[in-house]
Amino acid sequence: MSERTVYEYAVVRVVPRVEREEFINVGIALYCKKQRYAAVKIFVDESKCRCLFGEVDLALIAKHLDSFQRICAGDKTAGRLAELDQAERFRWLTAKRSTLIQCSVLHPGLCIAAEETHQALFDKLIL
């Protein structure tokens, strides 16, 4: 039997109009130090975004979310943030901010396989 290990996750949200504080959950960012796993899974329901703000710039949202994923993965073409170590990247991405893309508070848990846990959380909370 495999050993259970600690992971952390945050729900990634799109906030089309920051001043209204309304959001749509669009992804899960998950980090597991022991398994050296950090990734973001994203799915944007465009109709839900338009319900909150009809003039939402979906291309801009896609661009920001792509950057978010690339930084988390450590893609060197994503800029200097992507060069930080895995934990620092995850902490920077999930830090509290008032922008178009925000994250929930961090939630801890125990898992055997981080990637499987990530997919299960994504299926349950996003899809």
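Each reported figure results from applying straightforward, stated rules to the coordinates on display, with no laboratory input. Source: prediction; values computed, not measured. Ideal geometry is used to build each Cβ from the backbone, glycine not excepted, and the neighbour counts take in all protein chains shown.
Here are the numbers for the structure shown:
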read-out: Stretchable slack from GLU3 to ALA95, in nm (0.36 nm times residue separation minus alpha-carbon distance); value: 30.2 nm
read-out: Dipole of the chain, positive direction: furthest Cα of PHE43, ALA87, LEU125, with charges on the beta-carbon; value: ALA87
read-out: Candidate lysines for bridging to LYS33, where Cα separation is under 29 Å - those fewer than 8 sequence places away on the same chain excluded; value: LYS41, LYS63, LYS76, LYS96, LYS124
read-out: Helix-only [θ]222 nm of the chain, DSSP H runs n ≥ 4, -39500 (n - 2.57) each, per residue, nearest 500; value: -10500 deg cm²/dmol
read-out: Gain in span if fully extended, LYS63 to LYS34, counting 0.36 nm per residue against the direct Cα distance; value: 7.4 nm
read-out: Within region 21-73: Cβ-based charge dipole about Cα centre, in debye rounded to nearest 20 (Lys, Arg +1; Asp, Glu -1); value: 580
read-out: Full-stretch length increase - PHE43, GLU19 - with 0.36 nm per residue and alpha-carbon distance subtracted; value: 6.3 nm
